[in-house]
1. Putting +1 on Lys and Arg Cβ atoms and -1 on Asp and Glu Cβ atoms, find which of THR336, ALA228, ALA286 reaches farthest to the positive end of the dipole of the chain.
2. Around LEU319, under 9 Å between beta carbons, what's the net of Lys plus Arg minus Asp minus Glu among the other residues?
3. With a cut-off of 8 Å between alpha carbons and a minimum separation of six or more residues, what is the relative contact order of the chain in percent?
4. Using 1/(1 + (r/R0)^6) with R0 = 45 angstrom and r between the beta carbons of ASP155 and HIS69, what's the FRET efficiency to the nearest 0.05?
5. Hey, any idea what Rg/Rh is for region 92-209, computing Rh the Kirkwood way over Cα pairs?
6. For the chain, divide the Cα radius of gyration by the Kirkwood radius and give the resulting Rg/Rh value with two decimals.
7. Give the total of Lys-Lys pairs in the chain with Cα-Cα distances below 20 Å; include a pair only if its members are 8 or more places apart or on different chains.
8. When the Karplus curve 6.51 cos²θ - 1.76 cosθ + 1.60 is applied with θ = phi - 60°, which whole-Hz ³J(HN,Hα) does each residue of region 221-234 get, with x for Gly and Pro?
Amino acid sequence: MTPLTFSSSAGAPREAARLVARTIRLDADTLARLPGGVSALAGDDARVWMHPSAQLIAHGVAARLELPHGVEGGVGWIREVLSSIGAADAVGRPGCGPVALGALPFDRTEPAALIVPAQLVGMAPDGTAWVTTIGDGAAPAPRLERADGHRRSPDSFTLRSALPHDEWCARIAHAVADIQRGDLSKVVVARAVDVEANRPIVVEEVLRRLTALYPSCAIFHFDGFLGASPELLLSRRARAVSSHPLAGTYAVSADVDADRRFSEVLRKSAKDQREHRFVVEAVAAALAPECASLDVPSEPSILSLRNVMHLGTSIHGQLKETAPDALTLAARLHPTPAVCGTPRDAAEAWLGAHEGIRRGLYAGLVGWVDARGDGDWFIGIRSATVDGARARMVAGVGVVAGSSPEAELVETQLKLQAMLAAIIRP
């Protein structure tokens, strides 16, 4: 079928009513034919979302939901479109029925789009699996085909920093000076590194490596943009809402005792605590008006990943009955001080004048929302944009008063290792 295209709520629900979605449970025999579970369907052409809370593998396009003015132009109409699609749902889990998913840019005004897939295979944490198909007038029969794993991976690579180290460090020093002068309190500055391989990068293999290296992260792939994000911006299940902002970073070693000491250094770092508090306060302030109750811990905990540890605060709340859907809530939070800075307007102006790269989808929103309003939205960090044999990796650091340019450079290198370890296999 030819995908439908919508760019606003005008007429969209009426047109979306032409579509019919059918969700059925996948039985044990069907799953047994997919070694590794639904992730076996995650080929290079699939749109992929894998996290302990939900796994979604999408193929094809039933509808394209365009945002010509970015999330700034409003996203509430997307749930209205999803709710207008006729649905027969025999499973009833979050992620069943019509779902919109994808990646949205860092810049709130940049044109963007989400897609409603023609087929979506999902799995819940308890192993319940399903497939949803969507068609014009009738839902087609599902097609479950394992990804083709026979392409040769590249075995030769070159790396090039988009900016020389000295020039990038000079920009960090400039940011520190502007902060000390009082122009802003924090700004997150990103750095890009380009990879060129001798053959096209095999997305399926990169996703498999990321899943093995970072099992607690959100593993995603949307049209060449892929990564393993540790940072939950917003999750909604009915009236339960949660967020897990991160800010403050330290290296992880191979020594357990040393890492225990490093975690205490991170906990006691005035610079990292200040950077983290900016983010937590911004997220809590944005969620509070929509919540009947909101629990914000007074102290952060440590989130330890393969090569770095972060300060993180796990925020949980109960939404009011009138609260909007997961995507609308996430769009209100974005961008947080974790990826932009504070005050937001001053930080965005500084980045526009001095950062020197176009972020695109990096540090934007990645995730999904269903017709119930449930969904998960992570921040698109620890990510890369892959185009054939080329990939651009980006990592950012939070700059506050007292930041050291050399230390911030090392932090970007630590963060970039997440993607390097998955993309480069000499």
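1. Result: ALA228, furthest along the dipole toward the positive end.
2. Summing Lys/Arg as +1 and Asp/Glu as -1 gives +1.
3. 22 percent
4. FRET efficiency, ASP155 to HIS69: 0.55.
5. Result for region 92-209 is an Rg/Rh of 1.12.
6. 0.96
7. Total qualifying Lys-Lys pairs in the chain comes to 4.
8. Per residue, the Karplus-derived 3J(HN,Hα) values read 8, 9, 6, x, 9, 9, x, 9, 8, x, 10, 6, 7, 7 Hz.
The values are calculated or read from the model by the stated rules, or taken from the named source; none is laboratory data. Small disclaimer: the values here were computed from a predicted structure and weren't measured. Reconstructed Cβ throughout: ideal geometry from the backbone, glycine too, with neighbour counts over all protein chains shown. Just the protein is used for accessible areas: all its heavy atoms, side chains included, with ligands, DNA and RNA removed. Shrake-Rupley method; radii C 1.70, N 1.55, O 1.52, S 1.80 Å.
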